[in-house]
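The values are calculated or read from the model by the stated rules, or taken from the named source; none is laboratory data. All figures in this text were calculated on a predicted structure; none of them were measured in a lab. Note: ideal-geometry Cβ built from the backbone for every residue, glycine included; neighbour counts use all protein chains shown.
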Amino acid sequence: MATQRILLNLGLDAALTAASLPVAVWAAAPGAWPSPGWWAGAVPGAVASLLLAGLPLRLPQQYLRFVALKDLVGVIGAGIGGAAIFSVASHAIGAWVSPNPAFPLLYAGILSAALLLPRVLGRLSQTHRVGRLSEAPAQPVLLLGTGDAADLFIRALIQQRAPGYRVMGILAPRSRAAGRRIHGYPILGAIEDAGALLDRLRAADRLPAALVLADPDLHGEALEDVLDAADRHGVPVSRAPRLTRLDPATRQTASTGNRRFDLRPVAIEELLDRPQVPLDREGMARLVQGRRVLVTGAGGTIGGELARQVAALGPSQLTLLDHGEFALYGIDLELTELHPGVPRRAVLADVRDAERIGRLMEEVRPELVFHAAALKHVPMVENDPLEGLLTNALGTRVIADAARAVGCRAMVFISTDKAVNPTSVMGASKRLAEMYCQALDMEARHGAKGNQAPMRCVTVRFGNVLGSTGSVVPLFRRQLERGGPLTVTHPDMRRYFMTVREAVGLVLQASVVGAEDRADQPPELADGGIFVLDMGKPVKIVDMARRMIRLAGLRPDEDVEIRFTGLRPGEKLFEELFHGQEPPRPTQFPGLLVATPRTADAAQMGAAIDQIAAYAREGNREAALAQLARLVPEFDHNTEGG
């Protein structure tokens, strides 16, 4: 079938060439007509010249109905080449030559136009030929963005027999594009003018059925302004599909009645105005590549993303440790598919089991440890505070001591903003772990004791990650699926948020800086300084709830209720990234700050943690919490909530 199509193209092009030659001869010199004998050799020669010029450009293989601009340029090149070869050959063999020296140019133009005609007509025949007819009227939409995504979206609509959407106009990223047109559709203004334009359209009773975001770079405050403007008029906002994205064959997309478009809702993550922070990828590769790496809590949100990014950097061995069987199975299976060449081991273990961890460290002998295992859900730890102390404080000490004992190069401890002026056992237990890791790091930097090789302890503190297990975003999504209500503890509650990929990228960046001896290293690290990720501005949880309701195409307090339930034990209204006595200091690394909270002696801290663990194992809650309050004097336990 393909051969027949190619032969058909060859025949068509030969016929067009044969027809173009007499037209060009006549146009060049109407009164100088060559003899009949000349035509017998000229026509086959012209066809051969075109074939010779067109073969390198694959002219016969073109699919006429689907030619693109690049193909049309090739057609013109073949026409010019064919005319040039024919003219040069005619001079070389002494055949009849047109008295008009412009004949080669005229012939090239006429031949190119003749070859273009069926291809352009074939392309135009594709317009409005895709899909089945539909009686559903096209929905009027405003398109935001003028890039390739907007071009592809409009082209796809043009090709439909009965398009499901009708573009009313376009809003461009910049105002200077106003007044121009794309595929015949007018650019009505800039994206920042969306509110004013919607006001005018409402006054004219011409509001669109939706705003379609075709600009992939529209995020953060600019996107929020668009959403606010759309909310005022009750107009939903969706993102146009990336038509070049490869999705699984079984993926189901929303149908417009004839051709399928995946107009997806705007994700809450897109409202975070977080520009991409440049990271030292070479330094990360230097730190990880060819080394044995252990990740604790590998089945969790942070631990899992650490495992993914570490695996991509090419460690010689990656050990995944978690206490949850199914979570560990999930990340191990994922890495089997993503990075099958990375030697890997999945280990079920409890970080509190010193003997088990010690044996594992002897077997694995990691050179780099990322300690993400923890109990992090504040209300759950308030219900079982002794478990939180054993996992978060004792577990961190067990991992750190075992790693140091086998000569680990560096341990990276994942902390939390809840460790600052903690009001919960979870936060205070993480602060206790911070203090122990700081003390170990100070010992390593100021000289190890005895023959023990110094192990750097890098502590990284940050707030909530969007979409993590136990966070509000998955909770709100589940509540929305049930029709509400969305539960918020307090109207003034604020939290810091960051995407998990960005947080883990900055953790790796901090690891590079903290684990190596560098001239540009922050001097505060020598005094027990810890890294704090720049989380931007805190977000009101109630605002996030309202935004998620609107993004679902619903109205807050009308379609979906927001219910305030009161603070739970251990919670506070505002999380902090820095203690009052540890002012943040910027570093030369974007996205990383450093703080120097108070520190203590490692031996004293270790003994204190052991004492708390002993109380916890005895079930002596009061004594354990009293000891915790003595070690973390800023711990102001909110036991009642409210």
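Tabulated data
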{"quantity": "Selected residue (criterion: nearest to residue 423 (Cα to Cα)) from residues of segment 560-583 that are loosely packed, with under 15 Cβ neighbours inside 10 Å and modelled with pLDDT of 85 or more", "calculated": "566"}
{"quantity": "Output for segment 455-511, where each listed residue is within 29 Å of residue 557 (Cβ to Cβ), modelled with pLDDT of 85 or more and hydroxyl-bearing (Ser, Thr, Tyr)", "calculated": "487, 489"}
{"quantity": "Residue 244 at pLDDT below 80 and closer than 23 Å to residue 170 by Cβ", "calculated": "yes"}
{"quantity": "Options 212, 235, 226: the member that is without any contact (Cβ under 8 Å) to a residue 60 or more places away in the chain, surrounded by 17 or more Cβ atoms within 10 Å (Cβ to Cβ) and in contact with a strand residue (DSSP E or B) (Cβ under 8 Å, 6 or more places away or on another chain)", "calculated": "235"}
{"quantity": "Any hit, segment 321-331, residues being more than 24 Å from residue 506 (Cα to Cα), of a type in the set (D, E, K, R) and not in a strand (DSSP E or B)", "calculated": "yes"}
{"quantity": "Hits in segment 144-180 (condition: among the basic types (Lys, Arg) and touching a strand residue (DSSP E or B) at 6+ places or on another chain (Cβ under 7 Å))", "calculated": "161, 166, 174, 180"}
{"quantity": "Conditions (1) basic (Lys, Arg); (2) part of a loop (DSSP other than H, G, I, E, B); (3) under 25 Å from the mean Cα position of the chain (by Cα): number failed by residue 518", "calculated": "(3)"}
{"quantity": "Of the criteria (1) charged (D, E, K, R); (2) part of a loop (DSSP other than H, G, I, E, B); (3) farther than 27 Å from residue 547 by Cβ; (4) modelled with pLDDT of 80 or more, which one residue 135 fails", "calculated": "(4)"}
{"quantity": "Residue check, residue 190 under 24 Å from the mean Cα position of the chain (by Cα), at pLDDT 85 or above and more than 16 Å from residue 210 (Cα to Cα)", "calculated": "no"}
{"quantity": "Segment 285-320, subset of a type in the set (A, V, I, L, M) and in a loop (DSSP other than H, G, I, E, B), residue nearest to residue 516 (Cα to Cα)", "calculated": "313"}
{"quantity": "Selection count where residues are crowded, with 17+ Cβ neighbours inside 10 Å and more than 30 Å from residue 638 (Cα to Cα), scope segment 355-396", "calculated": "9"}
{"quantity": "Answer from 522, 556 - the residue that is of a type outside the set (A, V, I, L, M, F, W, C), in contact (Cβ under 8 Å) with a residue 40 or more places away in the chain and touching a Lys or Arg at 6+ places or on another chain (Cβ under 9 Å)", "calculated": "522"}
{"quantity": "Enumeration of residues in segment 6-52 that are of a type in the set (Ser, Thr, Tyr) and part of a helix (DSSP H, G or I)", "calculated": "17, 20, 49"}
{"quantity": "Top-ranked residue of segment 71-116 - restricted to ones that are within 22 Å of residue 55 (Cβ to Cβ) and either in contact with a strand residue (DSSP E or B) (Cβ under 8 Å, 6 or more places away or on another chain) or among the hydroxyl-bearing types (Ser, Thr, Tyr) (or both), ranked as modelled with the lowest pLDDT", "calculated": "90"}
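Per-residue answers, yes or no, for (1) surrounded by 16 or more Cβ atoms within 10 Å (Cβ to Cβ); (2) assigned by TED's automatic domain parsing to the domain that holds residue 116; (3) at positive phi; (4) free of Cβ contacts under 8 Å to residues at least 12 places away in the same chain:
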site	(1), (2), (3), (4)
8	no, yes, no, yes
13	yes, yes, no, no
19	no, yes, no, no
24	yes, yes, no, no
37	no, yes, no, yes
41	no, yes, no, no
44	no, yes, no, yes
58	no, yes, yes, no
